[in-house]
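Quick notes on the structure that follows.
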Amino acid sequence: MLKLTKVSKVYEGKVAYRALTDINLEIEKGEFVAIMGPSGSGKTTLLNIISTNDAPTSGEVLIDGKDPHKLKKNDLAKFRRNELGFIFQDFNLLHTLTVEENIVLPLTLDGTRVREMKEKAQKIAENLGIASIMNKRTYEISGGQAQRVAIARAMIHEPRLLLADEPTGNLDSKASKDVMKMLVSINEEEKTSLLMVTHDPQAASYSDRVVFIRDGKLHSEIHRGESRQAFFQKIIDMLSLMGGDGSDFSSVRV
Amino acid sequence: MTFRQFAFNNVLRNKRLYMAYFLSSLFTVMVFFTFAIFAFHPAFLEGEINNNVLLGMGIAGGIIYLFSFFFILYSMSSFLQSRKKEFGLLMMLGASSKQIRLMVFLENIIIGFFSTVSGILAGLVFAKAILLVAENVLIIDESLNFYFPTVAIVVTFLSFILLFFCISIFVSFILRTNKLVDLIKGDKQSKGEPKASVLLSILAALLLIGGYGTALYVKGATVVFAMIPVIIVVTLGTYLLFTQLSVYVIRLLKKNKSVFWRKTNMLLFSDLSFRMKDNARTFFMVAIISTVAFSAIGSLYGFQSYLTKEMKQINAFTITYNPYLKDSEAVVQEDINEINSILQGESIDAKMEAMELNYFTTTEQSETVLIVKASDYNRFAALIEEKELHPDDKEAIIVEQSGAIISSGPKASEKLMKLRIPLEGDQEIVPNQVVETKVLTSMNGYYVVNDKNFKQLSSPVRSDHSVVWQAEKGQTDQVIEAGRKFDLEKNLQHKTFAIDYSIYEINKAFGPMLFIGLFIGIVFFVSAGSFLYFRLFTDLDEEKRKFRSIAKIGLTETELNKVVNRQVALLFFAPIVVALIHGAVALTALSRMFHYNLTVESSLVLGSFALIQVIYFLIVRFFYVKQVKRMVF
């Protein structure tokens, strides 16, 4: 599904800074992968490269065998709109639009028929439990609801790959749990591949596999076994191993 | 860091943020200063320019000053609006509202001082240009040389330091420090769409239709009486049009999902309705200001062309001589000789024709009418190559009153048509046709009869002379000179009329008015443009953020272009189109008042404004799109 081979990123400047070094990563269809690492380890850079917001200095990114970085600007925008779904830490909803309008925005830009949009929005809203707030404005809803709206927006065009950047970063633990359960069920039911960058070991424990990176290099990875609780413990242990004790990691990304 | 240092550095280190406000202040100062350079020119103070013009310039200066005040106040408040979040942050850190007011006050004083100084400097650069333009438009005998405008500098500096001081106090006073949470959320919260009621929307349409209808319906002198009510009704209608009708229309569009949910429409309309309250106010202001500018310039230009053209219409001949009734034949002959010698002195080639104007009684007895012999008429007509008239036996051709005379009631020809002219031996002449001609115009119209009939008329009640000269083409300057000489001769002064000289005199008297009108009109128009510019750039950051988040989901460059393009176009053309329609209606009403066709003049004025607006739009769009794109892609 997603295949990264020897991806490197160097930020040019007075002092060149190497953010990523030879990253090899493969994600199967329907797999849920979390990326973790300390601040400044290159997690976000990696996600930006996969999400085509940023181009790698060297190496190759293949999504379904195609390299999106070779597309032209306008085609790239369409590719992003049709093949990828995004969930952001700060939700990135447009406050001039209502909840429903925010959800259908990707389809609207694509010129889908109104009836189809309405049906899809309704269905997805019911699944995510936000059907009752469809006509509200974005500043009238809570953070957890806003993130669910963002998930609905990311899912409405049935993308092949869902990219989440700290989806629980702005949420309390209850809302985080709800959002993560939702992502898991989407992953299981729709067979959508999911890639998530997070600081939160709790959130990471919902994934199938956690990849740790440190100083721009792959450090290690652990797979989930039978129990989520044991997986969570393994993640905490790994984090402690990587950089002192587990409590070093705040839930707010710098 | 003391508080004063903080306020000072806040301005100096944030140049980009303060630039727009600074530039618009600078522009205002510059406009006022250029006007002052012109108004305080030594040529006016020493020269023989009349008091009315000086008064006019004083009033114009006052208008510009007053307008500057409101313009700067508006710029200031829209600038403060965009900084709500900053104030919120300061207050969260413990700044008291008194301190914030003090900061705004200090900032204003700093910006005010620098913009006044640089406005004056920029004005100096343009000083020569404005004087050159003035010299050409004005037709004055003195030339307007460049001079060092000490008086203008002092006046401008003091006026604007005072103005900024007043505004600073004013603004820091009204700067309402609302709840902290509102300030911090500031930009996220919509001010809400203004409430659109169906009733008021209909009222808006009715008011506009009513106002337009009245303006287009009334004719002649009634236009003056209808003017004030129509202006009030249309202004009110315009306000409701933008605050109610447009909101209503956008709501309808938003409800219609197949339109609203179609591609980029959603982004466009949601944004429009989100900002409708601010937009409506800006639109209204821009529409009204532009209307004032269009109408002022249009009517001044139209009025001038009316005066000169109409003068040419009535006075087809280069020089006309009409003696007083009491003048004897000898006096008339002496005058004619004098005119001829002046013409010779200026070496003007001119043909002369003379005729006797005879007034007769008609069947009605009450009034006397002018009856002209066909052969006399044709001699005059030949001079200016007009068509000759050959009335049949016992028939008279009526020459219509000249169109320049403003009168209500029936036309002169209608009255003349009913009359009969008695001939010797109980016969009558019956008028049978009406013509309009430039040959010998008269207030009340007159008859042309053939020579045979003319002899059969009873003896005239009174008779008059009319002598005309038609100069060869291309001698305008000499004729103006001759006209000046006629004007100096006591005995010719009011009897002789040289058209070219009169037009020259009109232009000379009209020049300052036209210039001032043009100046104020352009100031209004340019500031209307600045309002739009402000509206656009106040929300720029917000727009950038919005487009960046959409671009993350996937927005092509073409789509972005489309949305931004339409948004800017709507902002720029919605109020201007309204203003153009208002202006067109106003000028049509004006032309009805004078019974004079102003189509060419109005379309010239309105067309050039529309063109300027298009160019302005293209420039602003270019920079705006560039700004947004740099942030997004």
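At a glance:
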{"read-out": "Selection within region A:177-198 - more than 19 Å from A:Lys120 (Cα to Cα) and open to solvent by less than 10 Å² (accessible area, probe 1.4 Å)", "value": "A:Val179, A:Met180, A:Ser193, A:Leu194, A:Leu195, A:Met196, A:Val197, A:Thr198"}
{"read-out": "Selection from region B:265-274 of residues that are open to solvent by 10 Å² or more (accessible area, probe 1.4 Å) and at the interface with chain A (Cβ under 7 Å from one of its Cβ atoms)", "value": "B:Phe274"}
{"read-out": "Top-ranked residue of region A:214-237 - restricted to ones that are in contact (Cβ under 8 Å) with a residue 60 or more places away in the chain and of a type in the set (A, V, I, L, M, F, W, C), ranked as farthest from A:Asp22 (Cα to Cα)", "value": "A:Ile235"}
{"read-out": "Single condition A:Arg113 does not satisfy, out of (1) at negative phi; (2) open to solvent by less than 50 Å² (accessible area, probe 1.4 Å)", "value": "(2)"}
{"read-out": "In region A:19-57, the residues that are closer than 18 Å to A:Ser207 by Cα and among the small types (Gly, Ala, Ser)", "value": "A:Gly30, A:Ala34, A:Gly37"}
{"read-out": "Where A:Thr45 falls short, out of the listed (1) touching a Leu at 6+ places or on another chain (Cβ under 6 Å); (2) at pLDDT below 85", "value": "(2)"}
{"read-out": "Matching option when the condition is open to solvent by 40 Å² or more (accessible area, probe 1.4 Å) and more than 24 Å from B:Lys438 (Cα to Cα), among B:Gln313, B:Gln333", "value": "B:Gln333"}
{"read-out": "Unmet criterion (only one of (1) at pLDDT below 80; (2) surrounded by fewer than 18 Cβ atoms within 10 Å (Cβ to Cβ); (3) farther than 20 Å from B:Ala482 by Cα) for B:Lys351", "value": "(3)"}
{"read-out": "Among (1) open to solvent by less than 10 Å² (accessible area, probe 1.4 Å); (2) of a type outside the set (Asp, Glu); (3) out of contact with any Asp or Glu (no Cβ under 7 Å at 6 or more places or on another chain), the one test that B:Val628 misses", "value": "(3)"}
{"read-out": "Residue within region B:265-280 that is within 30 Å of A:Lys78 (Cα to Cα), in a helix (DSSP H, G or I) and out of contact with any helix residue (DSSP H, G or I) (no Cβ under 9 Å at 6 or more places or on another chain) present", "value": "yes"}
{"read-out": "Entirely in region B:158-242, the helices (runs of 4 or more DSSP H) that have 2 or more residues that are open to solvent by 20 Å² or more (accessible area, probe 1.4 Å) and at pLDDT 85 or above", "value": "B:198-217, B:222-240"}
{"read-out": "Contacts under 8 angstrom Cβ, first residue in region B:591-607 being basic (Lys, Arg), partner part of a loop (DSSP other than H, G, I, E, B), 6 or more apart", "value": "B:Arg592/B:Val218; B:Arg592/B:Lys219; B:Arg592/B:Gly220"}
{"read-out": "Filter result (closer than 17 Å to B:Thr264 by Cα and either at the interface with chain B (Cβ under 7 Å from one of its Cβ atoms) or part of a loop (DSSP other than H, G, I, E, B) (or both)) within region A:85-102", "value": "A:Leu93, A:Leu94, A:His95, A:Thr96, A:Leu97, A:Glu101"}
{"read-out": "Residue within region B:74-95 that is closer than 18 Å to B:Leu163 by Cα, among the hydrophobic types (A, V, I, L, M, F, W, C) and open to solvent by 20 Å² or more (accessible area, probe 1.4 Å) present", "value": "no"}
{"read-out": "Residue that is hydroxyl-bearing (Ser, Thr, Tyr), free of Cβ contacts under 8 Å to residues at least 40 places away in the same chain, buried (at least 20 other Cβ atoms within 10 Å of the Cβ) and in contact with an Asp or Glu (Cβ under 6 Å, 6 or more places away or on another chain), where the choices are A:Thr52, A:Thr96, A:Thr108", "value": "A:Thr96"}
{"read-out": "Among the candidates B:Leu598, B:Leu606, B:Leu570, residue that is aliphatic (A, V, I, L, M), more than 14 Å from chain A (Cβ to nearest Cβ) and closer than 30 Å to A:Ala77 by Cα", "value": "B:Leu570"}
{"read-out": "Some residue of region B:522-529 being of a type outside the set (Val, Ile, Thr) and surrounded by fewer than 22 Cβ atoms within 10 Å (Cβ to Cβ)", "value": "yes"}
{"read-out": "Region B:543-564: number of residues that are within 7 Å of chain A (Cβ to nearest Cβ), charged (D, E, K, R) and open to solvent by 30 Å² or more (accessible area, probe 1.4 Å)", "value": "2"}
{"read-out": "For A:Glu126: the one exception among (1) within 13 Å of chain B (Cβ to nearest Cβ); (2) open to solvent by 50 Å² or more (accessible area, probe 1.4 Å); (3) part of a helix (DSSP H, G or I); (4) within 27 Å of A:Asn170 (Cβ to Cβ)", "value": "(1)"}
{"read-out": "Residue identified as small (Gly, Ala, Ser), crowded, with 16+ Cβ neighbours inside 10 Å, in a loop (DSSP other than H, G, I, E, B) and at pLDDT below 75 among B:Ser366, B:Ser408, B:Ser442", "value": "B:Ser442"}
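The values are calculated or read from the model by the stated rules, or taken from the named source; none is laboratory data. Note that this is a predicted model, so its numbers are computed, not measured. Counting neighbours? That spans all protein chains shown, and the Cβs are built from the backbone with ideal geometry, glycine included. Protein only, heavy atoms only, side chains kept; ligands, DNA and RNA dropped before computing areas. Shrake-Rupley method; radii C 1.70, N 1.55, O 1.52, S 1.80 Å.
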